[in-house]
Amino acid sequence: MDVTIGLLVNPVAGLGGRLAQKGSDASDIRDLAERAGIDSLAPERAGQTVCRLLDGLESSRVAVRILAGAGEMGVDALDAGIPHEPVASDAVHPGASSSEDTKSMARNMADRGVDLLLFAGGDGTARDILDAVGTSVPVLGIPAGVKIYSGVFGLTPSETGALAAGWLANPNRCSDEREVVDIDEDELRQGLATPSLYGTLRVPSDSRRLQPRKSGSPASDVNAARSLGIAFAATMVPDRHYVLGPGSTTMAIGSALDLELTRLGVDVVCNGQLIAEDVDAETLNSLVPEEGATIVVTPLGQQGFVIGRGNQQIDYRVLQRSELRIVATPSKMISLGGRPLWVDSGHPELDATICGYTKVFTGAKAEVIYPISNTADSQVRA
């Protein structure tokens with residue numbers, strides 16, 4: 001059996017996360033990243049997906065033809081020696097990696113009969129793919145952006161590759177329409193998070209390796225979060241640095257300390273004082289002492305991610321020398337439906353040290369032991 005896959009990479013995807021920009025849609029995002037010495041991880045993550053896909057198909061009788069976006073939009077993500085055919089953009093005013101380039105390349109790949117179109121990016125890239133091909137071809141997102149709220153992405157780059165390999169090798173392929181949502185970055189910078197539905201894409205069926213769409217916390221959770229915040233604040237140790245990730249639950253900890261935290265950013269607190277707010281990755285790394293800090297995060301609603309979604313400022317340098325504390329209201333834990341928590345730092349070896357069972361702080365003198373994972377093959381349900 002012969003299969004054809006398309007590969008599209010948004011080379012600026014994810015840059016805004018480590019820059020504390022809430023996204024990567026800004027026109028000057030490349031300049032900002034270059035001045036900060038930050039490179040996009042999207043090509044590397046796309047490459048991980050393709051390698052896992054090819055490894056998964058190695059023992060099957062499936063011949064793979066790869067159509068890759070020209071240059072940094074696909075070809076550059078492939079390891080040397082992987083056969084491929086570059087696909088150019090027909091955009092009237094093509095840029096280095098414009099939205100119109102993505103749409104044009106996607107349409108060209110669809111016209112050439114791809115069995116599956118892989119794209120590396122976030123929700124903004126998913127919208128471009130939706131505009132270009134709709135539900136005419138199956139697509140699958142490689143998580144590489146800052147905003148990854150849609151339900152069209154694999155859980156991690158490796159899981160995306162495994163999903164694609166299993167689906168392509170199956171002669172009886174099934175697909176589902178899943179929602180594409182996005183948030184305006186200007187609203188995000190003002191602390192507003194109101195995802196809007198833009199449509200659906202046709203995605204391979206695999207409930208184990210696809211991430212759910214993000215959901216918000218119910219209004220009834222406010223009191224529970226307030227109580228949790230007060231209880232957690234009472235446990236904080238003097239002279240210890242606390243890195244508080246985004247989310248309404250961590251905001252409640254700030255309220256208990258009479259501090260106004262950044263709802264969708266990362267803040268640093270010590271001795272009840274706000275040391276730094278809405279920090280980027282470099283600033284955070286410089287602020288955390290060599291002996292480490294306590295990183296406090298809350299799971300992303302229904303998706304269950306605690307690292308790697310919306311908090312890319314907390315990178316491997318801080319993670320590997322710090323303590324990770326997870327806080328969540330009981331209703332947020334129930335919303336996971338028994339699915340594990342997830343970690344996707346971009347460093348699988350580091351993620352493996354976090355996986356297993358962990359304590360989740362749910363209130364005064366209340367904790368639950370809950371599984372945390374980075375691979376569907378070793379998932380343990382709560």
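Here are the numbers:
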| item | result |
| --- | --- |
| Value at 222 nm in deg cm²/dmol, rounded to 500, when DSSP H runs of n ≥ 4 in the chain each add -39,500 (n - 2.57) | -8500 deg cm²/dmol |
| Relative pair counts by distance (%), Cα atoms of the range 61-171, 5 Å bins | 2, 12, 21, 26, 23, 11, 3, 1, 0 |
| Protection-proxy order for peptides 339-348, 299-308, each taking the mean of Cβ atoms within 10 Å per residue, highest first | 299-308, 339-348 |
| Helix 99-111 vs. the chain, principal-axis angle (Cα, 0 to 90°, nearest 10) | 40 |
| Theoretical gain in end-to-end length, Ser196 to Tyr316 [0.36 nm per residue, Cα-Cα removed] | 40.1 nm |
| Per residue accessible area of the chain, 1.4 Å probe, in Å² | 41 |
| Extended-chain gain in nm, criterion 0.36 nm per residue less alpha-carbon gap, Ser207 and Cys51 | 54.0 nm |
| The range 232-314: C-alpha gyration tensor shape, a/c 1.5 cut-off, then a/b vs b/c | oblate |
| Residue-level accessible surface for Cys355, protein heavy atoms, 1.4 Å, Å² | 40 |
| Antiparallel bridge percentage (DSSP; both residues within the chain; nearest 5) | 40 |
| Heavy-atom SASA rank of Val222, Val296 (probe 1.4 Å, accessible area, largest first) | Val222, Val296 |
| Cα gyration tensor shape for the range 319-382, rounded if a/c is under 1.5, else prolate or oblate | oblate |
| Local electrostatic count, Ala42, Cβ distance below 12 Å [Lys/Arg +1, Asp/Glu -1] | -3 |
| Separation in nanometres of the label points that stand 7 Å from Cα toward Cβ, at Ala70 and Ile82 | 2.1 |
| Ranked packing of 36-49, 281-294, most packed first, by mean Cβ within 10 Å | 36-49, 281-294 |
| Net charge over other residues, Cβ less than 12 angstrom from the Cβ of Gly301 (K, R count +1; D, E count -1) | +3 |
| Asp79 accessible area, assembled protein chains, probe 1.4 Å, Å² | 80 |
| Dipole-positive endmost among Gly272, Pro204, Gly301 within the range 199-305 (Cβ charges, Cα centre) | Pro204 |
| Charged-residue dipole, Cβ positions (Lys, Arg, Asp, Glu), the chain about Cα centre, Debye nearest 20 | 1320 |
| Whether the chain is rounded, prolate or oblate, judged on the alpha carbon gyration tensor where a/c under 1.5 counts as rounded | prolate |
| In degrees, nearest ten, helix 222-233 long axis to first principal axis of the chain (Cα) | 60 |
| Listed peptides 63-76, 3-16, 242-255 by packing density, highest first (mean Cβ within 10 Å) | 3-16, 242-255, 63-76 |
| Share of carbon and sulfur in the accessible heavy-atom surface of the chain [1.4 Å probe, %] | 48 |
| Förster radius 22 Å - calculated FRET efficiency between His347 and Leu32, Cβ distance, rounded to 0.05 | 0.40 |
| Solvent-accessible area of Tyr357 with every protein chain in place, 1.4 Å probe, in Å² to the nearest 10 | 140 |
| Angle between the chain longest axis and helix 42-57 axis [Cα atoms, degrees, rounded to 10] | 60 |
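The values are calculated or read from the model by the stated rules, or taken from the named source; none is laboratory data. For clarity, every value in this text was computed on a predicted model and none was experimentally measured. Note: ideal-geometry Cβ built from the backbone for every residue, glycine included; neighbour counts use all protein chains shown. Note: accessible area is taken over every heavy atom of the protein model, side chains too, but ligands, DNA and RNA are not part of it. Shrake-Rupley method; radii C 1.70, N 1.55, O 1.52, S 1.80 Å.
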